[in-house]
Amino acid sequence: MATPTDVPLLIADSLGKEVAGEPLLDPVSFSVAAGECVAVTGPNGSGKTTLLRLILGRDTPTTGTLTYGGPLARRRNTHIGSALGAPPFYEDLTLEEHLTLLTVSWGGEAATGRFAAVLEALRLTRILHRFPSELSAGERQAAGITFALVQPASLLVLDEPEQGLDAERTHALGALLAGRRESGTAIVMASHDAGLVAATAGATVALADR
């Protein structure tokens, strides 16, 4: 079992975002190291998704700084896995073909042994040969989470991964995330599910209702 290191992979220092003078994210500070999970909580509109977009480099802060350490400082794009927004599907590829494409895009570095465990835990093995249009909303969400979980990433950034999942899949997701954390992966996760947060996170960043 891996234990958290003393060297953060990510440091947010008074990180905030405004648009036309209106705050989308009030300044927030936290850090996350290998083997740690930080849960971002708060009501809708408090800035959870904005914070995750800043971490992923999909938006730029107007206040504060983000500092990346370890492998993220060298090759951030290949060391961060994410599930943010609608899953990135190609409608003419099966779920299995999506996983094959992802493996190739990572230079064949995906932990192929992880595929089977994640697919079985999220009850997706039986639908490997289906196309996205043949999946239910819950299956599409679970498949999108799978794309992030099988990536050999040092940091996972997840936006309400429990959304659309039934209780059984949510419980399985908590166990999968706890396993990634124990193996040394850092996680930053926005969530409304208190049970998932309790099963996964060691620290919480609570954003205020604005």
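Structural remarks
- Here the Karplus relation 6.51 cos²θ - 1.76 cosθ + 1.60, evaluated at θ = phi - 60°, turns the backbone of segment 45-58 into coupling constants of x, 7, x, 4, 5, 4, 4, 5, 5, 5, 4, 7, x, 8 Hz, with x for every Gly and Pro.
- Share antiparallel - DSSP beta bridges, the chain, percent rounded to 5: 45 percent
- Sum of side-chain charges, residue 130 neighbourhood, beta-carbon under 14 Å (Lys, Arg +1; Asp, Glu -1): -3
- Summed side-chain charge close to residue 57 - residues other than residue 57 whose Cβ falls under 14 Å, Lys, Arg +1, Asp, Glu -1: +4
- Counted by Cβ distance under 13 Å from residue 170, the other residues give a net charge of -3, where Lys and Arg count +1 and Asp and Glu count -1.
- Derived scalar couplings ³J(HN,Hα) [segment 185-192; Karplus, 6.51 cos²θ - 1.76 cosθ + 1.60; whole Hz; x for Gly, Pro]: 6, 8, 9, 10, 9, 8, 7, 9
- With R₀ set to 30 Å, the beta-carbon distance separating residue 94 from residue 178 gives a calculated FRET efficiency near 0.55.
- Distance-filtered residues of segment 5-38 - backbone nitrogen under 12 Å, label point 7 angstrom along residue 62 Cα→Cβ: 16-27
- Residues whose amide H comes within less than 5 Å of that of residue 62, counting only those at least five positions distant or on another chain, are 16, 17, 18 (H built at 1.01 Å from N in the peptide plane).
- Amide H contacts under 5 Å for residue 185: 35, restricted to partners 5 or more places along the chain or on a different chain, H placed in the peptide plane at 1.01 Å from N.
We did not get these values from a lab; they are worked out from the coordinates using the rules stated. Quick caveat, the model's predicted, so the values are computed rather than measured. Virtual Cβ from ideal backbone geometry, glycine too; neighbours counted across all protein chains shown.
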